[in-house]
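Engineer: First the structure, which I've put down as structure tokens, then a few questions once you've had a look.
The values are calculated or read from the model by the stated rules, or taken from the named source; none is laboratory data. None of the values given here were measured: they were computed from a predicted structure. Heads up, the Cβs are rebuilt from the backbone with ideal geometry, glycines too, and the neighbour counts pull from every protein chain shown. Surface accessibility is based on the protein's heavy atoms, side chains included, excluding ligands, DNA and RNA. Shrake-Rupley method; radii C 1.70, N 1.55, O 1.52, S 1.80 Å.
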Amino acid sequence: HGCPVLPCAVRTCPKMHLSLENGRVVPRGLERVPVEGTWAEYSCEPGFRLVGSARSNCTKLGRWS
């Protein structure tokens, strides 16, 4: 008996979270894909107001915070 050994994999977060209508997203700590520990900062075009957080983190669950 024993436990199966799972391969070690880095979780990635969806890239679609890196686009923003009427604003811009600046990925930080990012190489080619958003992975755990990277984050994105959001800002709006003039005349628009940001609703929600100005920063989102890619979590170890592969989701944006």
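Engineer: Can you tell me which of (1) at pLDDT below 85; (2) open to solvent by less than 80 Å² (accessible area, probe 1.4 Å); (3) touching a strand residue (DSSP E or B) at 6+ places or on another chain (Cβ under 6 Å) is the one Trp39 doesn't meet?
Structural biologist: (1)
Engineer: Follow-up question, since we're still on this one. Being small (Gly, Ala, Ser) and in a loop (DSSP other than H, G, I, E, B) is the filter; apply it to the stretch 12-36 and report the residue that is surrounded by the most Cβ atoms within 10 Å (Cβ to Cβ). Let's see the steps before the verdict.
Structural biologist: Filtering the stretch 12-36 for residues small (Gly, Ala, Ser) gives 19, 23, 29.
Now drop any that are not in a loop (DSSP other than H, G, I, E, B), which leaves 19, 29.
Details: Ser19: 9, Gly29: 12.
Checked the stretch 12-36; the qualifying residue surrounded by the most Cβ atoms within 10 Å (Cβ to Cβ) is Gly29.
Engineer: Out of the residues in the stretch 53-65 that are assigned to a loop (DSSP other than H, G, I, E, B) and open to solvent by 60 Å² or more (accessible area, probe 1.4 Å), which is farthest from Thr12 (Cα to Cα)? It would help to see each step written out before you state the result.
Structural biologist: First, pick out the residues of the stretch 53-65 that are assigned to a loop (DSSP other than H, G, I, E, B): 53-54, 59-63, 65.
So of that shortlist, the ones also open to solvent by 60 Å² or more (accessible area, probe 1.4 Å) come out as 53, 60-61, 63, 65.
Details: Ser53: 20, Lys60: 8, Leu61: 8, Arg63: 8, Ser65: 13 Å.
Of everything passing the filter in the stretch 53-65, Ser53 is farthest from Thr12 (Cα to Cα).
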